[in-house]
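The values are calculated or read from the model by the stated rules, or taken from the named source; none is laboratory data. What you see is a predicted model; the values in this text were computed from it and never measured. Quick reminder, even Gly has a Cβ in these numbers, built from the backbone with ideal geometry, and neighbours come from all protein chains shown.
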Amino acid sequence: MKQKSRNSFWAYFSCLICLTYTLFSQVTASSDSQADLLRFKEQASALEKNKDTLNAKEQQELQGLEKVIKLIEEGLSIEQEIKKLEEDIKLAPQVQKEFEEKLAKFKPLEVDKKRLDKLPLDELEVIYKKHNEQGIKLKKDLDLSSQDLIKSQQLRDSVQDKILKNVDRLGLLNKKSSDPGKEKQASRLLVKYEILKIDTENRLLRLQQSSFSTINKRRNAQKSLLDTQYSNYERIDKFWSEYILKRRAQEVRKKEQVAIAESKEMVAESPEIKLVFDKNIALLKKLKELNQLRASVNQELKLKNEKFEALKSNFTDTKDMLSRRILNEVVGVALRQKFAILDEFNQLKNSEDKSLVIMSDLERDILDWRQELKGLNNIPQLTEDLLASSKNPDKKLQEKILQTYSDQRNHIIQIQDASQLYFDKIHALHALNEQINLEVDAYKTYIKGHLFWIPSSQELKLTNFTKLNEDFQATSKVLSWDDIKKRYQSSWNSYQNTHRNFLFGLILLIAFRVYYLRKVVPKVSDEINKNKNFSYTLKLFFTTIALSLVVPWILYYFSFALVPGANASSEVTINISHSFKALSFFYFFSIFFTHSMRPKGLGIKAFTWDKELCNGYYKLIRVWLYLVAPFVFLGQLSNKVYDEHIDNISKFGIIGNIAVVLCVCLYCFVKRNDFLPSSSENPRANKLLKLAYFSSIIVMVSILILAFRGYFYSAFVLKNLIVQMGVHCIVIFFVSSLINCYLLTKRQKLAELSVRKKLAIQETEKLQLQHEVLLEQEEKKLENEMSETRRGFSSLIKIVFFTGVFYIWQVFFPALNILDQYPLWNQTVMDNETSTIVQITVKNLLIVFIFVIATFYCSSALPNILKVFILNKLSFDQGQKFTIVTILQYIIFTVGLFYSFEKLGLNWSELQWLVAALSVGLGFGLQEIVANFVSGLIVLFERPYRVGDIVTVGQTSGTVSKIQIRATTIRDWDRRELIIPNKSFITGEFINWSLSDSISRVVIELSVALDSDVKEVHQILKDLGDNHENTLDDPAPQVFMTNMTRDGFNFDLRVFVPASKYRLSTKDQLLSAIHQKFTESGIKMAKPGYTVELQNGQHSGSLMTPQGKL
């Protein structure tokens, strides 16, 4: 026994020594760290004093010391947290016991109503104010307690991961410190103190892990006490709210009765005095109205606060469920059920918010009350002025008037205070509505982002459809014919005018349909065939819309009639109403397309579509319309409210819908020769339709697979998106067809106008030629404008198309948040001298990729739209338009490029090195490129030449076809495209033959013999120049004798032609005519002289010219 006790003694003694050593080592380490901190701070401050004169090595040493100081400070702060946590652990049981005792002793407070009835209203207001302050404090403490519990739970979940990361980091640091190397002193210090900091942090994390249960018991006890206290406060607050409103109303009622009695007494006095007393009555009524409004807003604020708290709690539970449970069909069904909660908040969100209007009115009223209050500053003077109009002025009346004015002043002050309080409540309600909207949007985005990738129902088998009869029976029990009649009657009583408008519109549509199909169709068709007028096409387009509205109008009316009667007891009606609405839109677009394809419809008569194709699609769509409509109705049933039976019916509807569409697409793809335009006549449409059918088949098969695999929500969303895409494509297709028809009509009018102008020319041949040149130039200009208009409309349609695609598919964007789970790299973002680490994920990369494509397209499409729809309407010439368009292109491209860099985490501080390197490269290797770029900017602004001008650069002549920022494209007379750098136009010489006008000069040089008649030559040349059909009278042809040599006389014939294209033909014709006239007149061309010398009787000659011997 003694041996056992001796062993126990030594064991306890050893433990005590170890504990003492541990505490002593911790204290020693802490004191050492503090001493090191002071020492390092002194060294750092010494270096900072001479910061401007430090060399590179000393600057690195200073940076290392700053990092070491930061690590030591972080380690010491963690030590303080450990001490604080140890104290909390010691005190936690005692504090927990105190909270439990307070909760056990807590007794609900009761209000002594009899005592309150005896108190005046002023004292009650003071007590009520203290009561509200106590409630605010309790609510704040309760929120803090709830947040502490949530943070504690989050900390518990993350502690182990943090410990493991710290252990891995410690291993790396220990390995680094143990490796023999030539590390610097600063690096060794960093490793040492980072190890100490991580070790201290691990001690804190382990202490938190071990003390979680103890601390959480104290927190739970505190929250239980606060919950009980706040529940008691809410119960008392309900009484106080009703009681204080009642007492205020009683007080105002008493004052109102007194004021009415005094007003009656003043009937015998002057009308002015009675008006003063009546004013008090009006003020009291206003005060009573404001108190009632404030009470109603208070009640609404409390209800919305409760709903908002429920929404946040539900959101938190959803996040917790997704983080803790296996993502199977149970979770998917639960998420779908949570949408039922969001429907209620969507109604709050979509309801009309009049808060801003009310606040604006209140601010104006408060300013008016202030002005009235200023008018009551001098009450004695007002009293004297009022007594002057009295019949029996006495001291008693004077006192009454003084008291009335004083009461009036007090009432206005109370109204001001009540208005300000009402304003504050309305402002709080508006802010709460904004918070609810943001929370609902965030909740919906969160659920949609997760629900798409989670199975939302069990895997489907064909045996599941055997239970459809039970589902239909269960649904029919909930919704009977009597219930439908009651709902319709309720809707009629609530919205009689709307019902009448619906029925009146239906009668008009039916009457128009009967009249049009029987009498108008042949006449309208003949007019379109005969006149080719766009107004008739537009009329037929809207007529087709009206003809397609009858059945959709009826279905939409059913949808409207069922909505007002829907309530919580029969949620089936909400789903059926939504299905009718979806079916109405489906019928409208299908019937519209069918009417367009009929023999005398819009497609054949207005858009000149192929008759055989239209006839095939017309028959196919009519059959498809009746097959798929029931499945469309059933498939949309589960869109609003979740119900098990409706869900099963909706699955059947979606699968049937997809199956029918798949069969139609397969049929069209197999019989593509009957449903596709000819590849020789319209290859682009043929390829697009083939791609559309093939893609539709793949998508429909994918949706069927998703539905059978249990991803019902995903299949439902994709099916709706594909339907919307189809509708969007149909709308864009018809709008594009209308625009093409309009452009074709405009082109025909321009052609007719050109022909009329040509036929109207009845002048001389020379004027006719000049007019034809001008007419040709005008036609070319109009043709360019038509081409630009076509490109502008095409760009606009494409932008509208892609914008619609973006709008439709934005429902799917939350599902892409799953790509945030795949980080690529980290980026440090500085904001107000604080650094934040941001992860660049696959989602960011995908966004940048899409944005870059959009930037490239918009940089070419938007300038075209600007040019066609804005610049062409303004007084800009072609060069100015081209300059604006080009600059806009580069601005869009630059903005898109920088935005893409920002999304990838590349800011200016990182790009500036690249810019510096590029600057060096520009100085050496890219001089010519920069010179051409700058020259391009000068060309854009100075416009020395334009597109279409005839220019000569060096030995190159031709027409300018394209001007870009680096080079200009010239098409020469051999129709070759020559790309010439812009620098050649700025630094060199070039000739622009058509900068100011298109008139060009032709010079013909010739020499006649010395025996020729100069006057006759002059007259012949003058007559030929004047009489030629291509030459102009203004400026007139000119003939000059330019020189006289021993060989002959030199003449120049100078004529002007309307355009450069007539230069060669005119010169050819004039030379031929000159040769003919000279031959007829015997005029010879000049020849060089020859001299022959004879020596010794032999023919030995040499050829002599005026310049010498050859």
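A few comments on the model shown:
- Conditions (1) out of contact with any Pro (no Cβ under 8 Å at 6 or more places or on another chain); (2) more than 21 Å from LYS461 (Cα to Cα); (3) part of a helix (DSSP H, G or I); (4) of a type in the set (Gly, Ala, Ser); number of the one not met by ALA685: (1)
- Residue check, GLU125 assigned by TED's automatic domain parsing to the domain that holds THR228, free of Cβ contacts under 8 Å to residues at least 24 places away in the same chain and part of a helix (DSSP H, G or I): no
- Residues that are in contact (Cβ under 8 Å) with a residue 24 or more places away in the chain, more than 27 Å from LYS129 (Cβ to Cβ), over 58 Å from the mean Cα position of the chain (by Cα) and surrounded by 13 or more Cβ atoms within 10 Å (Cβ to Cβ) do not occur anywhere in the range 363-377.
- Every condition in (1) free of Cβ contacts under 8 Å to residues at least 12 places away in the same chain; (2) farther than 25 Å from ASP1068 by Cβ; (3) not in a helix (DSSP H, G or I) holds for ASP1034 except the one numbered (2).
- Qualifying residue in the range 90-101 (condition: among the small types (Gly, Ala, Ser) and surrounded by 12 or more Cβ atoms within 10 Å (Cβ to Cβ)): yes
- From TYR945, TYR899, residue being closer than 24 Å to GLU989 by Cα and modelled with pLDDT of 70 or more: TYR945
- Residue check for LYS400: basic (Lys, Arg) and modelled with pLDDT of 75 or more: yes
- Within the range 686-721, the set of residues being farther than 26 Å from LYS444 by Cα and among the β-branched types (Val, Ile, Thr) comprises ILE697, ILE698, VAL701.
- Note on the range 792-849: among residues that are aromatic (Phe, Trp, Tyr) and closer than 30 Å to LYS881 by Cβ, the one that is modelled with the lowest pLDDT is PHE793.
- Count of the range 641-684 residues, restricted to those that are farther than 20 Å from TRP624 by Cβ and of a type in the set (Lys, Arg), is 2.
- Test: residue in the range 89-100 that is within 25 Å of LYS223 (Cβ to Cβ), out of contact with any strand residue (DSSP E or B) (no Cβ under 7 Å at 6 or more places or on another chain), assigned to a helix (DSSP H, G or I) and aromatic (Phe, Trp, Tyr): yes
- The range 671-682, residues that are free of Cβ contacts under 8 Å to residues at least 24 places away in the same chain and either more than 17 Å from ASN615 (Cα to Cα) or in a helix (DSSP H, G or I) (or both): ARG672, ASN673, SER679, SER680, GLU681, ASN682
- Residue among GLN60, GLN34, GLN80 that is in a helix (DSSP H, G or I), without any contact (Cβ under 8 Å) to a residue 60 or more places away in the chain and not assigned by TED's automatic domain parsing to the domain that holds LEU189: GLN34
- Residue list for the range 715-730, filter: within 16 Å of ILE808 (Cβ to Cβ) and out of contact with any Gly (no Cβ under 8 Å at 6 or more places or on another chain): VAL717, LEU718, ASN720, LEU721, ILE722, VAL723, GLN724, MET725, GLY726, VAL727, CYS729, ILE730
- Among the residues making up the range 501-517, a single one is surrounded by 12 or more Cβ atoms within 10 Å (Cβ to Cβ) and among the hydroxyl-bearing types (Ser, Thr, Tyr): TYR516.
- Contact map, the range 1017-1031: residues that are acidic (Asp, Glu) paired with residues that are surrounded by fewer than 19 Cβ atoms within 10 Å (Cβ to Cβ), Cβ distance under 6 Å, separation 6+ or inter-chain. Pairs shown: GLU1029/GLU765.
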